[in-house]
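Structure record follows, encoded as structure tokens.
Quick note: the coordinates plus some simple rules give every number you see, no bench work behind them. Just so we're clear, the structure is a prediction, and the values are computed from it rather than from any experiment. Cβ coordinates were reconstructed from backbone atoms using ideal geometry, including for glycine residues, and neighbour counts include every protein chain displayed.
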Amino acid sequence: MANDIFKHARKRGHSVVENALLDDCNLTGMAKYLLIQFCSHRNGYWKVTMPDIIKRSKNGRDAHYSALKELIHNKYVARVKVLEKGKYKEQIYIYGQIKEDVAEMLNETIQEQMFKGYVVEVAFGNPLTENPNVENPNSDFQYNIKYQRKNTKKENTNIFINDIAKFDDDKRSFSSLTEEQINLIVNTLREATKDDLTDRSFTAVLKKVMDKYNQGKISNFRDYLITALVNKIEELEIRRIKENAKKQLQEDKLDRSIITRTLSEHEYTGKVPFYDWIAS
């Protein structure tokens with residue numbers, strides 16, 4: 001697609017292949033070839049696009065998109081769909097031979113897009129599907145969050161789950177998120193709720209959610225955390241409304257008391273004042 005943007009999360013020279021990538025038995029040869037093609041592009045010489053890469057091989061379109069989904073599944077590629085006012089704006093692919101580099105750039109990209117007020121949908125480590133052309137991100141790692149920041153100063157507010165609550169992956173019988181995915185979801189939601197919740201309130205909600213998640217009572221961490229945060233925001237808003245109403249009522253009572261006292265201090269005499277300008 002014309003609006004697809006490919007970003008290389010590299011910290012080394014071009015066309016250098018990591019042994020870890022070549023030795024990864026979870027990848028097919030086609031997936032390794034596609035990633036090497038991504039990583040070998042030269043800035044200023046040619047732009048990475050799927051149609052262009054497909055032309056460089058006889059494998060065909062379906063094989064290339066199957067390989068792309070395979071790379072997303074194994075976290076060598078992350079896909080970020082950007083929406084503006086509910087409409088598709090662009091799609092960003094982040095790729096690299098080092099998974100940690102991809103995760104780092106993914107986090108930066110999400111923060112950058114949300115800082116601009118866009119909605120993002122992320123696919124990173126999601127299950128493979130039979131149809132390579134059908135986008136079906138894992139519901140446990142896809143989120144649509146609209147973020148509009150009131151100030152323009154960026155701050156380092158990264159949260160690491162083990163600093164707040166114990167991350168116990170042994171108690172859950174169902175497929176769970178990795179600590180890396182948990183951290184990414186938590187930091188994204190913290191940014192989205194920064195103007196509505198204090199660090200203390202956010203941490204309190206997160207601890208309760210993590211406790212239930214570790215006990216295996218939550219199957220969808222992201223959705224449950226979002227619901228808990230929304231409920232907390234509504235609870236605080238209702239509390240603020242009640243406090244403001246109580247304060248206003250006290251002020252109204254005070255005003256009525258002052259008016260009553262003022263009137264009582266001015267005794268009515270029954271005399272009508274005569275103004276000279278009336279008789280003239």
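Summary of computed values
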| quantity | calculated |
| --- | --- |
| Ranked Ile258, Ile53, criterion: other C-beta atoms within 10 Å, fewest first | Ile258, Ile53 |
| Of Lys194/Lys232; Lys99/Lys217; Lys58/Lys81, pairs whose Cα-Cα distance is over 18 Å | Lys99/Lys217; Lys58/Lys81 |
| Amide H partners (placed H, <5 Å) of Val77, local residues excluded | Ile72 |
| Sequence of Cys39, Cys25 once ranked by neighbouring C-beta atoms within 10 Å, starting from the fewest | Cys25, Cys39 |
| For Leu249, Leu27, order by how many other beta-carbon atoms lie within 10 Å, fewest first | Leu249, Leu27 |
